[in-house]
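To start, the structure under review is shown below, and the notes come after it.
The values are calculated or read from the model by the stated rules, or taken from the named source; none is laboratory data. None of these values were measured; they are calculated from a predicted model. All Cβ positions, even for glycine, are placed from backbone atoms using ideal geometry, and neighbour counts span all protein chains on display.
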Amino acid sequence: MSLSAEDLETLGREGATLPLAEALVEPPPLAPRRGTLFAAWRALKTAPLTAWFGLIVILAYAFVAVFAPLVAPYGESAVVANQYEPWGGKFIFGTDQLGRDMLSRLIYGARNTIGIAVLTTGLSFTIGGVLGLLAAIIGGWTEQLLSRAVDMLMAIPQLIFALMLLSIFGSSLPNLIIIIAVLDSTRVFRLTRAVNIVVLDFVEAARLQGERLAWIMSREVLPNILPPLVAEFGLRFCFVFLTISALSFLGLGIQPPTADWGSMVRENATLIAYGDVTPLLPAACIALLTIAVNFVVDWFLHKTSGLRDEH
């Protein structure tokens, strides 16, 4: 904006309250508001190659798990050939000990193993997160009872405890999910309780205003501890995923004929003695997904910690 000499003289005669410098300078334009998707894309553009690799692998696994019936050439439990057919031809990775297509079993194994691991991790976070928030906000005897119960559960190695409970209650799918979720929720409880945000002023102000416990948990505490919980979700998913695979390898996890990567390693382990690497395929699927999730979690922790890359 430019002012003529007559305008300047008029401003001087009328005793304008604005300084001349402010009158001559235009206010800066307001920055357009950006949405959440734009912010996410902007963060992804600066992500390292490891994070991009992890995201691509996770999306590929998710696609295969969701569209398994469309992607797999054969049914999950369909016997389509003789036992231990070699690689090539109609069977890219050969067949297993019953004559089922290995590629189809790997694809359906992604749906079963990953889906059950996600469900179990979500249940463990629900249990551990809610109890941890209650212990942090209420305190007193409630916190002491919950903390001591968690200490007793964590005193026994998780895999051994899970094996014992599955031997007692049976290795059905609901028992598997509930037992692993309860045992893994102890770690989530400790993390949620350790984030000492309930002593801050805004939480105390909400209490003094008479807000309900559920409102304080959902509106004040949870949004402020969400970044470490999201990162912990990725790490806990890896541990749950590996635990389910280990239990399936030992015969107490996901039961046949349901396809599962852990049980597929056990069922075809005899091929290793003949120089066949077929049992390593489901093991490689497990390792690749674990590495990919850890890459993404590392990047997310770096972004939410406030650190900056040094160049």
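Just a few scattered comments:
- Scanning region 124-148 for residues that are within 15 Å of Thr192 (Cβ to Cβ) and either surrounded by fewer than 20 Cβ atoms within 10 Å (Cβ to Cβ) or of a type in the set (Ser, Thr, Tyr) (or both) yields Ser124, Thr126, Ile127, Val130, Leu134, Ile137, Ile138, Gly139, Thr142, Glu143, Leu146, Ser147.
- None of Leu280, Leu289 is closer than 18 Å to Leu103 by Cβ, at pLDDT 90 or above and either within 21 Å of the chain's Cα centre (by Cα) or not aliphatic (A, V, I, L, M) (or both) except Leu289.
- Per-region count, region 249-278, residues under 16 Å from Ile114 (Cβ atoms) and in a loop (DSSP other than H, G, I, E, B): 5
- All positions within region 246-287 that are among the polar types (S, T, N, Q), under 16 Å from Ile177 (Cα atoms) and buried (at least 17 other Cβ atoms within 10 Å of the Cβ): Ser248, Thr258
- Candidates Pro73, Pro174, filtered to the one that is surrounded by fewer than 18 Cβ atoms within 10 Å (Cβ to Cβ) and either in contact with a Pro (Cβ under 6 Å, 6 or more places away or on another chain) or not in a helix (DSSP H, G or I) (or both): Pro73
- Flag if Ser218 is closer than 25 Å to Ser172 by Cα and either out of contact with any Phe, Trp or Tyr (no Cβ under 8 Å at 6 or more places or on another chain) or at pLDDT 85 or above (or both): no
- Filtered residue count, region 89-132, keeping only those that are within 24 Å of the chain's Cα centre (by Cα) and closer than 17 Å to Ala68 by Cβ: 14
- Total residues in region 249-269, condition hydroxyl-bearing (Ser, Thr, Tyr) and touching a residue at least 40 places away in the same chain (Cβ under 8 Å): 1
- Ala246 part of a helix (DSSP H, G or I), more than 21 Å from the chain's Cα centre (by Cα), farther than 22 Å from Leu103 by Cβ and of a type in the set (A, V, I, L, M, F, W, C): no
- Residue check, Gln83 touching a residue at least 12 places away in the same chain (Cβ under 8 Å), exposed (fewer than 14 other Cβ atoms within 10 Å of the Cβ) and of a type outside the set (Ser, Thr, Tyr): yes
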